[in-house]
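As structure tokens, the structure follows; a few thoughts come after it.
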Amino acid sequence: MEPLHRQLGLTDAELADIVDLLGHEPTGLELAMYSVMWSEHCSYKSSKVHLRRLPTEAPWVMVGPGEGAGVVDVGGGQAVAIRIESHNHPSAVEPHQGAATGVGGIIRDIFTMGARPIALMDPLRFGSLDDARTRYLLEGVVSGISSYGNAVGVPTVGGELVFDPCYRTNPLVNVLCLGVLPHERLALARAEGAGNLAVLMGASTGRDGIGGASVLASAGFTEGADEKRPSVQVGDPFEEKKLIEACLALLEAGLASGVQDLGAAGLSCAASETASKTGAGMDVDVARVWRREPHMTAVETMTSESQERMLAIVTPEDLDEVLALCERWEIRASVVGRVTDSGRFRVLDGVFDAWGVPGTNPPPPLGEEPITPSSDREPLADVPGASLGDGPVYERPMSRPEGFDAVRGDDPTVELTNRFADGADLGPELLALLATPSIADPSWVWRQYDHQLFLNTVHGPEGNAAVLRLRGTPAALALSTDGKARFCELDPRVGARLAVMEAARNIACTGARPLALVNCLNFGNPEHPSVMWQFSEAIDGMAEACNALGLPVVGGNVSFYNESDGADIHPTPVVGVLGLIDELADPPPPPAVHAGDLVVLLGETASELGGSEWAAVVHGRTGGVPPAADLDAAVALHGVVRELVRDRVVSGIHDCSDGGLAVALTEMAIAGASGVRVELPRDIPLAAGCFSESANRVLLSVAPGAVADVIARAEALGVPVRGIGTVGGDRIVVRGAATDGADGVGAIDVLLDDAARAWRDGLPTALGLTPVTP
């Protein structure tokens, strides 16, 4: 048998640090609390030194990293709270509940800030769908998100769906939530004022979820991972809905000075963190906790991650009103803690009643006798409060992955452009690409979500970015999530830049100006030097892009140990970008062509097939160099795009990303139910012109009379611009322009209906379902 501290995930050196802190060997409860609080998921011990390099400040940032959610001012006395989290490991063990409780947890992060949650997004990544377990994971995750989000009443308005073999046994389930609040309702996780009380509100505490997020997300998977199923939390969206309303009513009435969600590490984290942030101490009595199972130990009670619970700091004078409010909303509430000025975090059992602390012990679970109050029981734990949250800080070794240069040197561009030389029929290549699950129509997923709840949704999952009305104002919010894992595998710094650029480009396509970014950093085992090098490089790339685009990072999440049997996933930093449309009189232009329009391309296409969907998925060539990430070009492009959309100069707009120009053009044609005929320059091979994923490009559908205006605006800001074709007919035709007296050559000529069928049927077919084509 390994020593207990190792079984709990602590190293020998960490145990020695704990003994030095306490001056004695820790009790069982103390050891358990340190194990969850010092876990990778809770302490960020491997990532802290790198995260400090991200820009986090701007005049409109009200709350930055370190709280439950980031908060930004959107004018008119209103603010927006935004947060993104991962529930990767729980979802790999039990996909439905893992995803459902990920949704519940991120919603609580938002409403405990005083914000009403109004939107969810779900960037998802899975292995190849030819694997039965992957299909099981996908269906379970989607059903978990839909069942919880729909029932709790928060719309899921967008996200991503990506498939790659590296996620086969370790899917990525990232969830973003957005909420709106008046400035005066903003609440922070602070326990101030000796004598104030900590009230635990919401569901009862059980053995489900013990070590769920804190432990599952702090180690890799091995054979027998199903044995971890009891560590996955179980969600109750109806209880969450009651908790939302009770919490917002509590804050609206000014009855709480601080609020904290009970997430990873449970009551240990919520109680100690709220106290340590103000330098206060706290006493917690586990006998005051509503428990749903008999004979739960103090360790189980303090580390349980049972869902739908929150901790509110209230004054003794307001306690009766708080308890009455909770009774009105039919949620449990009990005084479980008392703020002290000792700076110590103590856990007691059955002493509060004897000490006269307001409140009473709740009835014990069936099959358990009530505890007899006593004033002289010794604490079960007594530690410096700040020590639980501080945790160790590691500067882990870093080195480039073995074979990194060889992979980058294996660029597919020359081979593929030679194999598909100008004049080759690229129609079958386009149809094959449209049917790949990462590019195919994702509506099988998002049609299971209610994305119109609250009736705020102007653009939902089918848009470039989600657009939500900001009630009571002429403004609107835009929201997009993006990640470029294959590019990050080839160059993590450039890949992270490209992810930020794409999310910001999608926001610009709605006419919004960017306000803030949140990130979910999904990486492999931090004990592998190659993973820490990838992480460090990705942070630097993200910081460079955020600085260039004026995007403060207001919060995020680090998810390490995404691996199976020692195989790390591709580095997958996912970003969510929030934008503000100052005045929304009518919906932004959709990603669709309009019959009779001309097609205009903003930006330049280069021969950049490294890491592209066409090279990697259709032809199995995963090496090479990712596209260039020109930040100056991005700033200029986004400025032009925002102006064109704001002034409604264009009737349709779509950014070029996965699958390149040919896929973006086809998606616009399908959405607009009209064919297109375009002609591309021959300065690069036509195959690259069709399928290169060069950054900083946007396709426009423009009325003939407005083309001159578009060109003039683009040229004024130095953005390359070119009219490339017309909208009409029932075919998608791409040709290469004539050069030096030589005739033009064909590249793609397919029926729009055939392209639409390939795109719409791709995902259902891969899932083994019967496609239903409209």
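The values are calculated or read from the model by the stated rules, or taken from the named source; none is laboratory data. Everything quoted here is computed from the prediction, not taken from an experiment. When we count neighbours, we look across all protein chains shown, and the Cβ atoms used for this are built from the backbone with ideal geometry, even at glycine. Just the protein is used for accessible areas: all its heavy atoms, side chains included, with ligands, DNA and RNA removed. Shrake-Rupley method; radii C 1.70, N 1.55, O 1.52, S 1.80 Å.
Here is how the numbers come out for the structure above:
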quantity: Percentage relative contact order, the chain, counting C-alpha pairs under 8 Å, at least six apart; calculated: 15 percent
quantity: Using alpha-carbon coordinates, inclination of helix 266-276 to the longest axis of the chain, degrees; calculated: 80 degrees
quantity: Rule-of-thumb Rg ratio for the range 566-643 [Cα; 2.2 N^0.38 Å; N residues]; calculated: 1.54
quantity: At q = 0.17, 0.18, 0.23, 0.24 Å⁻¹, base-10 log of I(q)/I(0) for the range 227-322 (Debye sum, equal scatterers on each alpha carbon); calculated: -0.88, -0.99, -1.42, -1.47
quantity: Helix 707-716 axis, angle to the chain major axis (alpha carbon atoms, nearest 10°); calculated: 60 degrees
quantity: Average accessible surface area per residue within the range 240-392, 1.4 Å rolling probe, Å²; calculated: 37 Å²
quantity: The range 262-280 versus the range 540-570: alpha-carbon centroid distance in Å; calculated: 25 Å
quantity: For the chain: span of alpha carbons on each principal axis (Å, largest first); calculated: 99, 57, 47
quantity: Inter-centroid distance (Cα atoms) of the range 19-67 relative to the range 576-611, Å; calculated: 40 Å
quantity: Rounded tilt (10° steps) of 28-37 against the dominant C-alpha axis of the chain; calculated: 20 degrees
quantity: Relative packing of 406-415, 286-295, which averages over residues the other C-beta atoms within 10 Å, highest first; calculated: 286-295, 406-415
quantity: Amide H partners (placed H, <5 Å) of Asp164, local residues excluded; calculated: Phe126, Gly127, Ser128
quantity: Förster-model FRET efficiency, 45 Å R0, Asp20 and Arg133, C-beta, rounded to 0.05; calculated: 0.50
quantity: Whole-number accessible area per residue in Å² for the range 40-181, which is evaluated in the context of all protein chains at 1.4 Å; calculated: 24 Å²
quantity: Under 20 Å from the Cα of Lys242 - aspartates and glutamates, other chains or at least 8 residues apart; calculated: Asp109, Glu252, Asp261, Glu305, Glu308, Asp320, Glu321, Glu327, Glu330, Asp450
quantity: Label-point gap, in nm, between Glu369 and Glu2 - each point 7 angstrom along Cα→Cβ; calculated: 3.8 nm
quantity: Theoretical ellipticity at 222 nm over the chain - DSSP helices of four or more residues, -39500 (n - 2.57) apiece, nearest 500; calculated: -10000 deg cm²/dmol
quantity: Share of carbon and sulfur in the accessible heavy-atom surface of the chain [1.4 Å probe, %]; calculated: 51 percent
quantity: Long-range HN-HN contacts of Arg344 with modeled amide H, under 5 Å; calculated: Gly281, Met282, Gly385
quantity: Zero-based 10 Å bins, Cα pair distances in the range 79-132, whole percents; calculated: 22, 45, 24, 7, 1
quantity: Rounded Å value of the spacing that divides the Cα centres of the range 282-342 and the range 402-454; calculated: 51 Å
quantity: For the range 473-517: accessible area per residue (Å², 1.4 Å); calculated: 16 Å²
quantity: Ranked by how many other beta carbons lie within 10 Å on average, peptides 329-335, 264-270 from highest; calculated: 264-270, 329-335
quantity: Theoretical gain in end-to-end length, Arg328 to Ala737 [0.36 nm per residue, Cα-Cα removed]; calculated: 140.1 nm
quantity: Across Lys48/Lys277; Lys45/Lys484; Lys48/Lys241; Lys45/Lys277, pairs whose alpha-carbon gap is larger than 28 Å; calculated: Lys48/Lys241
quantity: Three semi-axes of the equivalent ellipsoid, the range 694-735, Cα gyration tensor, whole Å, largest first; calculated: 22, 15, 7
